[in-house]
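Working notes, structure below.
The values are calculated or read from the model by the stated rules, or taken from the named source; none is laboratory data. Just so it is clear, the model here is predicted, and its values are computed rather than measured. Using ideal geometry, Cβ is built from the backbone for each residue, glycine included, and neighbour counts are taken over all protein chains shown.
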Amino acid sequence: MRFALSTEQLDFAAELRKILDAGQVPVAVRAWSDGDTVKGRALLRQLAEMGVFGLIVDEQYDGADATPVDLVVALIEAGRAALPGPVIESAAVIPALLQRLPDSTVAQRFLPALASGEQLGTIAFDDPQRGIALDANTADLVLVTTGSRVTTGAKSTGVAASVDPARELSQLVADALIAEGPEVEAAIAYAFDLGVLACAAQLLGAGRAILEQTTAYAKQRKQFGRAIGEFQAVKQQLADVLIALDLAEPLLYRAALTLDSDDRARDVSAALVTCADAAHRAARAGLQVHGAIGYTAECDLSLWLTKVTALRTAWGTADFHRARIAAALRTEAAS
């Protein structure tokens, strides 16, 4: 079967890129790191107006009722722009979770505000994140999942460090009960896997952005009277990055297409592992080509380098996801 994005999906991605390119995202990211979320939230509201936060929300909750592939298209662009804030949680995880709870009044209560961009949400999973949530101080809706329970969350005193200064990680504790039961446990598992998929999409977008910036820099930076991009060693590094990103992309879209199948856990984990490895390769090559300046706070590249480093383990380590893939393959072999 041949898969290709539709014309509408390609146009949607192009429009999102235009908005984000014009939005001075690096300025918003640096302000977010300093505790000023005004510029960042304005950008997120623009994306909400384009329908990003309501993509997988049902029409009855003022959403677009679109597909996971549409969501991946949008989140690749979010990663390419290095957007700050709980984008994965607000656009993917919480909508998926709330719509699968037995009590539809919970979704009716929260989802319209999330879909419109009026509110942001964040969530902490007990495994593998151990009660840590992104931007709990910024979010309007804070949730905690534990086993088969979903509760609102309250921030505890603990704060986890992140290599990305734009990511504030907070330790949460359970507060008021929202839902409980076997159906809730299945909803939590689905929402977590969608978060893994969304993280993979952001990593792929960030990797492509790093490659673009590094290629542009290699064309203008000169050594020994020649642009460094003319040297074979530099060309080879960038070609390896491009190949890794291009090979990761089909796994990402396969995971989006099989999200409602029995292969969900295996495919989203495979997508995250490959997209994370490709983005990490891009980050290493970008830093090598730029030299030490690439890691300085004044260089925009550093915003993507730190984001890739943080996202690689934000939704489970490589060991965690490789173990899930291996378990799925063993089950297939035994059946």
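Some points to look at:
- Criterion: closer than 14 Å to residue 61 by Cβ, buried (at least 24 other Cβ atoms within 10 Å of the Cβ) and free of Cβ contacts under 8 Å to residues at least 60 places away in the same chain - qualifying residue of 97, 111: 111
- One residue from 261, 269 being under 20 Å from the mean Cα position of the chain (by Cα) and polar (S, T, N, Q): 269
- Filtered residue count, the stretch 113-122, keeping only those that are touching a Ser or Thr at 6+ places or on another chain (Cβ under 7 Å) and either assigned to a strand (DSSP E or B) or polar (S, T, N, Q) (or both): 1
- Residues (under 25 Å from residue 319 (Cα atoms), surrounded by 21 or more Cβ atoms within 10 Å (Cβ to Cβ) and of a type in the set (Gly, Ala, Ser)) located in the stretch 114-133: 124, 133
- Filtered residues of the stretch 135-184 (kept if modelled with pLDDT of 90 or more, of a type in the set (Gly, Ala, Ser) and surrounded by fewer than 17 Cβ atoms within 10 Å (Cβ to Cβ)): 148, 176, 181
- Taken over the stretch 205-264, residues that are closer than 22 Å to residue 307 by Cα, surrounded by 13 or more Cβ atoms within 10 Å (Cβ to Cβ) and free of Cβ contacts under 8 Å to residues at least 24 places away in the same chain amount to 2.
- Residue in the stretch 12-24 that is at pLDDT 95 or above, within 26 Å of residue 136 (Cβ to Cβ), touching an Asp or Glu at 6+ places or on another chain (Cβ under 9 Å) and outside any loop (DSSP other than H, G, I, E, B) present: yes
- When restricted to residues that are touching a Lys or Arg at 6+ places or on another chain (Cβ under 7 Å) and either of a type in the set (Asp, Glu) or surrounded by fewer than 23 Cβ atoms within 10 Å (Cβ to Cβ) (or both), the stretch 59-94 contains 1.
- Pairs where the first residue, in the stretch 17-30, is within 15 Å of residue 209 (Cβ to Cβ) and the second is among the basic types (Lys, Arg) and surrounded by 19 or more Cβ atoms within 10 Å (Cβ to Cβ), C-beta under 9 Å, 6+ apart: 17/80; 20/80; 29/307
- Every residue from the stretch 32-55 that is more than 19 Å from residue 92 (Cβ to Cβ), in a helix (DSSP H, G or I) and within 20 Å of the chain's Cα centre (by Cα): 32, 33, 39, 42
- All of 72, 106 fail the test of being part of a helix (DSSP H, G or I), over 18 Å from residue 162 (Cβ atoms) and under 15 Å from the mean Cα position of the chain (by Cα), apart from 72.
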